[in-house]
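First up is the structure itself, then whatever we jot down about it.
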Amino acid sequence: MRKVVILNKKEGETPLRALESFRIKHKEYKDLKMTYAGRLDPMARGVLVILVGEEIKNKEKYLGLDKEYDFEVLFGFTTDTYDILGKVTKTRNLIVTKENLEKIIKKELKNFKGKFVQSYPMYSSKTVSGKKLFQYARNGEDVEIPKREVCVKNLKLNKLRRVGSDVVKKSIIKRINKVEGDFRQKEILKIWDRVIEKEIYYFVASFKIKCSSGTYVRGIANSLGENLSVPALAWSIKRT
């Protein structure tokens, strides 16, 4: 019986669903106390650390570990969740060459290395006055968004590619339909259907990042776009 189980959370799953699926498959863990150390958003996939039995008492140790991710950023859209599972708030067609965009991205990355203060996304499980931020967001309530110091130890641009609007649209529909639970999927898909233009290209950049605990990768994607004055969001996130 292992004290620590490493799961590969699928895109669309919640961490709780991934844990429950493991219990069903491995009957010997059925009656044991289990929890996950470090959640992943529904659209994120990859390494999910599960603690078993007495090891749960050491949860803070695991939460404090550095993380590594492969992630992609889609340019041309911003959403209220900073990923594709959100309402589109800004759109813009980029009239720029691949070479020029790659150049300005690389130049901007230096501003995301080392220690800096990052705001929590409004659609996150961070608690303020006993209520999670996403609950304030859904109810349209104002709240002072908390911040925390994070540290990015390495951030590298791997590749920049062009993707056709038809491919973007099909991928979004397919991936959002994987999501379990109530995440406004129907409303969000209607918005995406309306804002994606036909027969144009969008840019997707892939990155690798090593960062401190508590760093929101989708927040990095959103902030990168803000700094470049271009709408941007996390197209995909994989914790490695």
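The values are calculated or read from the model by the stated rules, or taken from the named source; none is laboratory data. This structure is a prediction, so every number in the text was calculated from the model and none was measured. Keep in mind that these areas ignore ligands, DNA and RNA; they rest on the heavy atoms of the full protein, side chains included. Shrake-Rupley method; radii C 1.70, N 1.55, O 1.52, S 1.80 Å.
Tell me, what is the per residue accessible area of the stretch 32-128 in Å², probe radius 1.4 Å?
Value for the stretch 32-128: 52 Å² per residue.
Could you work out what % of the accessible surface of the stretch 1-123 is carbon and sulfur, using a 1.4 angstrom probe and leaving DNA, RNA and ligands out of the count? Can you show the working numbers first?
Values: 3580 of 6960 Å².
Carbon plus sulfur share of accessible area: 51 percent.
Given a 1.4 Å probe and heavy atoms of the protein chains only, how would you sort Lys25, Lys59, largest accessible area at the top?
Lys25, Lys59
How much accessible surface does Ser125 have with a 1.4 Å probe, in Å² rounded to 10?
Around 40 Å² of this residue is reachable by solvent.
How many lysine pairs in the stretch 171-225, separated by 8 or more positions in sequence or lying on different chains, have Cα atoms less than 25 Å apart?
Pairs that pass both the separation and distance tests number 10.
How big is the chain along each principal axis, measuring the range of its Cα positions in Å and listing the largest first?
57, 39, 36
Need one value: the accessible area of Ile84 in square angstrom, 1.4 angstrom probe, rounded to the nearest 10.
Counting only protein heavy atoms, the figure is 0 Å².
What number, in percent, do you get for the relative contact order of the chain if the mean sequence gap of Cα pairs under 8 Å and at least 6 apart is divided by its residue count? Before the final figure, lay out the partial values.
On the way: 456 pairs, mean separation 73.9, N = 240.
The normalised contact order for the chain reaches 31 percent.
Would you work out if the stretch 92-173 is rounded, prolate or oblate? Take a ≥ b ≥ c from the square roots of the eigenvalues of the alpha-carbon gyration tensor; rounded if a/c is under 1.5, else prolate when a/b is larger than b/c, oblate otherwise. Let's see the in-between values first.
Details: a/c = 2.90, a/b = 1.45, b/c = 2.01.
Note, shape of the stretch 92-173 comes out oblate.
What aspartates and glutamates could a cross-link reach from Lys106, if we take a straight Cα to Cα line under 17 Å and drop same-chain neighbours fewer than 8 places away?
Cα-Cα hits under 17 Å: Asp70, Glu72, Glu226.
Can you give the accessible area of Thr215 in Å² (nearest 10), computed on protein heavy atoms with a 1.4 Å probe?
10
Please identify, among Val88, Val73, Val168, the residue showing maximal mean-square fluctuation in a Gaussian network model of the chain using a 10 angstrom Cα cutoff.
Between Val88, Val73, Val168, it is Val168 that shows the largest mean-square fluctuation.
If I take the Cα coordinates of the stretch 136-240 and project them onto the principal axes, what are the three extents in Å, biggest first?
On the principal axes, the stretch 136-240 reaches 40, 38, 29 Å in Cα extent.
Would you mind getting the accessible area per residue of the stretch 183-240, heavy atoms of the protein chains only, 1.4 Å probe, in Å²?
Working: 2560 Å² over 58 residues.
Value for the stretch 183-240: 44 Å² per residue.
For Lys3, go through the lysines and keep the ones whose alpha-carbon is under 22 Å away, minus same-chain ones fewer than eight residues off.
Lys25, Lys27, Lys30, Lys33, Lys57, Lys59, Lys61, Lys67
How many percent of the accessible area of the stretch 158-212 is carbon or sulfur, using a 1.4 Å probe? Walk me through the numbers before you get to the answer.
Details: 1670 of 3330 Å².
Roughly 50 percent of what the probe reaches on the stretch 158-212 is carbon or sulfur.
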